[in-house]
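Since the structure comes first, as C-alpha cells, the remarks are kept for the end.
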C-alpha cells in the first residue's frame, strides 16, 4: 500500500488542525481532505492536547490566536515538549516580527500568515514534514539517504534495518513475517 | 478595447487603496481555484461573478452566486454596468472602480504609482506585480476586514499594458530576514526575551499589539 506513496505522504497521514474560527477550520479541513490528508479539528488548547496525545497526529497546523486564554504559542511549546518530531506549522493572522521570533523559540517549524494560498500551504506542509524528518532522523543520526536505519519489528522485536530512502515503506519481518512499516518518525 | 487601464481599488483593511488592474478579457471572482481573483470566504461562491472591462467601464455578470453581487449596494440581477466611481461588493469585500471621474487618484496613493512607458521600471515582470499582490499586501489588507476570509490569492494582471502598477517599497515596515519556512534567520536578542516572564505573557502582548494594529479589541 505504501509503495505508491512518497515518503512524505506517508509521514503526514493525519493532520491536527488547531483553529478557533469554525469557518477557517472547515475550509482548511475540506481543502486538506481533498488533498488526501486525514484531518482532525480542535479549537483550543484542551481539545488539541487530548487529540495530540490520543491520536498522535503526523502534522499540526496551529493558529496563534485561540479561545480560552491559551495561545497557539503555548500549545506549540507543549507539543514540542511532548513529541518534538511532530512538525508544527503556525498558520495565523498575526504578521508581526515578534510573533515569528516567539514562534521560532517555542519550536514552530514553519510560519504562514493568513490569508494564504492553500496550494502553497500544501507545498509548505510537504517541505516542512520532509525537513523535520530529515532533521530528527537522518541528520541527527548522521545517516545519508542511501545508508541504513535500524528499527525493531513491531511484531517480534527483531532488530531490522532498511535503507534510509525507504522510510515509510513496508517490509515483511524475516523472522515473524509480519508486515512492518519502516519508521518515519 | 479599453484605451485606459481599469483599476479596482480595495476599500477595506489597513492597505485600503491598493489596486488591481483589470484586463480587457473576462476575469472572474470566486472561491474556486480557476478564479482570477480568489476569495476563500463562506460568503463567496466558487464562481461568484465575472468582470468584463469594456469602454472604460466594467460589465459585471453575477454567476448565480448564493449571496449575490452588489453594485453601489444594489444587487446585480443577471448583469449590470459598474461605472467609474462605483462600488462593487462581492461577499465581504468592496472595491471601488477608478476611472476618469477620479481626481488623479494614482498620485494620491502613497503605496502605488504608475510608471510611464519609458520609466525606469519597465522591466518589472508580471511575477513581481503578482507577488506584490499575492504574498503580503493585498491579502493582509483584506484579512483584517474579514473574519472568515482565508485567501485572496492573486489577480491576473494586465500584461500587455505599458503602465504596470508598481509598489512603493518605502511604506513597508522593516521585515525580518526569513528562512524558507517563514521564520527569522537570526535569533531574537536576549533583551527582548527578558522583558517577559513567560511565553504566555509574551504571546498575550503580541496578540494585543496585533489587534491594536487592526484597530480592534482583543477577542475574549
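The values are calculated or read from the model by the stated rules, or taken from the named source; none is laboratory data. As the structure is a prediction and not an experimental result, all values here were calculated from the model. No Cβ is skipped: glycine too gets one built from the backbone with ideal geometry, and neighbour counts run over all protein chains shown.
At a glance:
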{"read-out": "Members of segment A:32-52 that are within 14 Å of another protein chain (Cβ to nearest Cβ) and either within 17 Å of the chain's Cα centre (by Cα) or crowded, with 19+ Cβ neighbours inside 10 Å (or both)", "value": "A:32, A:35, A:45"}
{"read-out": "Hits in segment A:73-112 - residues which are in contact (Cβ under 8 Å) with a residue 24 or more places away in the chain, part of a helix (DSSP H, G or I) and either over 21 Å from residue B:201 (Cβ atoms) or at the interface with another protein chain (Cβ under 8 Å from one of its Cβ atoms) (or both)", "value": "A:73, A:74, A:77, A:82, A:99, A:102, A:103"}
{"read-out": "Criterion (surrounded by 15 or more Cβ atoms within 10 Å (Cβ to Cβ), more than 14 Å from chain A (Cβ to nearest Cβ), in contact with a helix residue (DSSP H, G or I) (Cβ under 7 Å, 6 or more places away or on another chain) and modelled with pLDDT under 50) met by exactly one of B:114, B:124, B:98, B:106", "value": "B:114"}
{"read-out": "Cross-chain or 6+ apart pairs with Cβ under 6 Å, segment A:113-126 first and more than 7 Å from chain B (Cβ to nearest Cβ), then part of a helix (DSSP H, G or I)", "value": "A:126/A:8"}
{"read-out": "Residues (at pLDDT 75 or above and in a loop (DSSP other than H, G, I, E, B)) located in segment B:1-32", "value": "B:11, B:31, B:32"}
{"read-out": "Residue in segment B:190-202 that is facing chain A (nearest Cβ under 10 Å), over 23 Å from residue A:71 (Cβ atoms) and at pLDDT below 60 present", "value": "no"}
{"read-out": "Test: residue in segment A:160-174 that is assigned to a loop (DSSP other than H, G, I, E, B), in contact with a strand residue (DSSP E or B) (Cβ under 6 Å, 6 or more places away or on another chain), modelled with pLDDT of 75 or more and closer than 22 Å to residue A:86 by Cα", "value": "no"}
